[in-house]
Amino acid sequence: MTPRRILLVDDHQLLREALRRNLEACDFEVVAEASDGPTSVALALELRPDLVLMDISMPGGDGISATRSIMRADGRQRVLVLSMHSDARTIREAINAGAVGYIDKSSSIDHVVDLMNQILGGDVTLSPKVAEAMLAVVDEMPDHDLTERELEVLREVATGCSTPEVAQRLFISQKTVKNHLAAIYAKLDARDRTEAVVKAIRMGVVRIDDTN
């Protein structure tokens, strides 16, 4: 299997070195490192990595601004934020900037690697903390062409449910869930469930009271 190409962005060299060693031991290829926002943007657009692992607090521009710049230039990039900040406001800002996931630095390397694999495999589930922060962003629902069943599937996914869990909750088969997800991706022009949920949050298709 071809190693997944990763761009590491953090202003702490020791942390970058530790992450590089651990990621390379898990068959990732660290194609470059950056210690500030502007450099991360330039490297992301030049190298087109499979995933950017992005810090937030850095000199010369924060990671949220860098993520926003990367996504504006190339909306197909994947950015996973790895930060010491875990408050809902910062998570919302990162997701709104275009990040496909958010994980705090207190997490184990196994957790980081597992989330990276999920993102790159297109089958990531959102943690309750991230889902809650994202769902709190919106308060109105615009027009859309998703069916009621597709909305039900999307709302379950937004709470962090896996495909089997969605099937169990809605009393349908896993194949049917996958078919609905495929339709959702096509209608929202999303690559995977994370991007679909993020777009749904921004559109107002999924709201905080949908999960109650």
Fill in: Answer from SER83, SER69, SER35 - the residue that is surrounded by fewer than 19 Cβ atoms within 10 Å (Cβ to Cβ), touching a residue at least 12 places away in the same chain (Cβ under 8 Å), of a type in the set (Ser, Thr, Tyr) and not assigned by TED's automatic domain parsing to the domain that holds LYS199
SER35
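Scan region 86-119 residue by residue and report those that are among the small types (Gly, Ala, Ser), in a helix (DSSP H, G or I) and crowded, with 18+ Cβ neighbours inside 10 Å.
Of everything in region 86-119, those that are among the small types (Gly, Ala, Ser), in a helix (DSSP H, G or I) and crowded, with 18+ Cβ neighbours inside 10 Å turn out to be ALA94, ALA97.
So, in region 1-39, of the ones that are assigned to a helix (DSSP H, G or I) and of a type in the set (Lys, Arg), which residue ends up farthest from HIS85 (Cα to Cα)?
The initial filter retains those residues of region 1-39 that are assigned to a helix (DSSP H, G or I), namely 13-25, 37-39.
Among the residues that remain, those that are also of a type in the set (Lys, Arg) are: 16, 20-21.
Working: ARG16: 18, ARG20: 21, ARG21: 24 Å.
Within region 1-39, the match that is farthest from HIS85 (Cα to Cα) is ARG21.
The values are calculated or read from the model by the stated rules, or taken from the named source; none is laboratory data. Fair warning: this is a prediction, and the values are worked out from it, not measured in the lab. Quick reminder, even Gly has a Cβ in these numbers, built from the backbone with ideal geometry, and neighbours come from all protein chains shown.
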